[in-house]
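> First the structure, then my questions, so here it is.
The values are calculated or read from the model by the stated rules, or taken from the named source; none is laboratory data. What you see is a predicted model, and the numbers here were worked out from it, not measured in a lab. Don't worry about glycine lacking a Cβ; one is built from the backbone with ideal geometry, like all the others, and counts go over all protein chains shown. Heavy atoms of the whole protein, side chains included, go into the accessibility calculation; ligands, DNA and RNA do not. Shrake-Rupley method; radii C 1.70, N 1.55, O 1.52, S 1.80 Å.
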Amino acid sequence: METITFKRYFLVSGGSGGIGSAVCMRLASKGFLPIVGYNTNKEIAEKVAIDAGGFALELNLSNHASISNAVNLIQKKLKNGDFLSGVILCASPPPDLFPFSQLSSKHFLDQFEINVLGPKILLTYLIKNFFKKQKKGQIIGVLSNAIGTNKKSAATGMGAYIVGKSSMQSLLSVCIAEYPWLDIATVSPSFTDTKMLKVFDERYIELVAKKEKILDPDDVAGIIINEIIA
């Protein structure tokens, strides 16, 4: 008699990026099928999806229609019994490297749109269409150690980025309060060797590397996966 097996999926926003693609491959190794969300890197996303056994879909977090269309596509792709286990919020614009006094409203709005407003809309759809029905779901937000802690000051020179990531943390805190049955966590990696590093001066990165390890995307992916299987 043939055994029916149901598939477990994880949506990864920014799945074609350095950290996102590494996360997708790690998910595959743990028995999950990644849904590789991308904005512009369609070819990379499709290759990652093929390699990891999932599927790619356009997910522009600055566009409400794109988010809605992505959720509709997930609903069509998942068969009866298939399970959307959760979402990993990896998408993020690179930091805008300006001192506080030179940051414009657009700098803040660009960060807020991708790190807060888009995720809020996406999570609203996912909770309504998947997690509530399943009475289960996992959300992981990828923040940054640049936002600082109670014992460590925030980094300087990238204020809009830090405000955006801090706001995502607050967004997820609200979700924790209102949906206590969801499993919600954040990770805050340090500098990671992705394309985002190219916005920084090479000499600055060299100085950083003398003080702390520049992480590999797979290092960060491992931290994220540990949150999933904990």
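> Which residue, of ILE176, ILE162, ILE214, is over 15 Å from the mean Cα position of the chain (by Cα) and at pLDDT below 90?
Among ILE176, ILE162, ILE214, only ILE214 is over 15 Å from the mean Cα position of the chain (by Cα) and at pLDDT below 90.
> Let me ask something additional. Checking LEU27 against (1) of a type outside the set (Lys, Arg); (2) open to solvent by 20 Å² or more (accessible area, probe 1.4 Å); (3) in a helix (DSSP H, G or I); (4) in contact with a strand residue (DSSP E or B) (Cβ under 6 Å, 6 or more places away or on another chain), which test does it fail?
Of everything listed in (1) of a type outside the set (Lys, Arg); (2) open to solvent by 20 Å² or more (accessible area, probe 1.4 Å); (3) in a helix (DSSP H, G or I); (4) in contact with a strand residue (DSSP E or B) (Cβ under 6 Å, 6 or more places away or on another chain), LEU27 misses just condition (2).
> Keeping to segment 1-24, report how many residues are open to solvent by 10 Å² or more (accessible area, probe 1.4 Å) and either of a type in the set (Lys, Arg) or under 17 Å from ASN69 (Cα atoms) (or both).
The total comes to 3.
> Tell me the helices (runs of 4 or more DSSP H) entirely within segment 119-230 that contain at least 1 residues that are touching a helix residue (DSSP H, G or I) at 6+ places or on another chain (Cβ under 6 Å) and either among the aromatic types (Phe, Trp, Tyr) or closer than 20 Å to TYR9 by Cβ (or both).
Result: 159-178, 217-229.
> So in segment 52-86, with the set limited to residues that are part of a helix (DSSP H, G or I) and open to solvent by 90 Å² or more (accessible area, probe 1.4 Å), which one is farthest from ASN129 (Cα to Cα)?
Among those that are part of a helix (DSSP H, G or I) and open to solvent by 90 Å² or more (accessible area, probe 1.4 Å), it is HIS64.
> Given the residues LYS42, LYS47, LYS30, LYS76, which is the only one that is within 19 Å of ILE127 (Cα to Cα) and among the basic types (Lys, Arg)?
The conditions single out LYS76.
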